[in-house]
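Right, one structure below, let's go through it.
The values are calculated or read from the model by the stated rules, or taken from the named source; none is laboratory data. Here the structure is a predicted model, which is why all the values come from computation and not from measurement. Quick reminder, even Gly has a Cβ in these numbers, built from the backbone with ideal geometry, and neighbours come from all protein chains shown. Keep in mind that these areas ignore ligands, DNA and RNA; they rest on the heavy atoms of the full protein, side chains included. Shrake-Rupley method; radii C 1.70, N 1.55, O 1.52, S 1.80 Å.
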Amino acid sequence: MSKKRDLFISYHTDSSKYVVEKIVPMLESKGISCWYAPRDCDNAWAEVILQAIDSASMFLVIINEQSMNSEHVKNEINAPKAPTPIFFNILKY
């Protein structure tokens, strides 16, 4: 079972991992525990991710063109027990 965290972060790894790696240390320094893959994931990705979503009290989605087209991100947003997501837009205009 995944360790309970305050915030689950959903994002497109190849295009926005740099954002996650920048904001997570800031959030965790303020006492907000964060969960994101692959840092907090073993090889049972699907099951562990659903457990992390279920146990999180907050849900952050990093939005860009790639995440809006990602089946993984869509599945995470639509997980049955997912908290209402907060969307952080990093789209470039």
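State, to one decimal in nm, how far the label point of Thr84 lies from the label point of Trp45, with both points 7 Å from Cα in the Cβ direction.
3.0
Keeping all protein chains in position, work out how much accessible area Asp14 exposes to a 1.4 Å probe, and write it in Å² to the nearest 10.
Accessible surface of Asp14 is approximately 140 Å².
Any chance you could list P(r) for the range 11-88, counting all Cα-Cα pairs in 10 angstrom bins from zero, rounded to whole %?
18, 56, 26, 0
Choose one of Asn89, His72, Pro38: the residue whose Cα lies farthest towards the positive end of the charge dipole of the chain (beta-carbon charges +1 Lys, Arg; -1 Asp, Glu; about the Cα centre).
The one lying farthest along the dipole's positive direction is Asn89.
Counting only trypsin sites (Lys or Arg not before Pro) that sit in a DSSP loop (anything but H, G, I, E, B) with at most 12 other Cβ atoms within 10 Å, what is the longest stretch of the chain containing none of them?
Details: sites that count: Lys3, Lys30, Arg39, Lys81, Lys92.
Longest site-free region, per DSSP loop and neighbour criteria: 40-80.
How large is the charge dipole for the chain, taken about the Cα centre, if only the Cβ atoms of Lys, Arg (+1) and Asp, Glu (-1) carry charge, to the nearest 20 debye? Write out the running numbers ahead of the final one.
Values: 10 positive and 11 negative charges, 54 e Å.
Approximately 260 debye in magnitude.
Could you give the accessible area per residue of the chain, probe 1.4 Å, as a whole number in Å²?
Numbers: 5780 Å² over 93 residues.
Solvent-accessible surface per residue comes out at 62 Å².
Got a number for carbon plus sulfur as a percent of the chain's accessible area, 1.4 Å probe? Could the numbers behind the result be given before it?
Values: 3250 of 5780 Å².
Summing carbon and sulfur atoms, their accessible area is 56 percent of the total for the chain.
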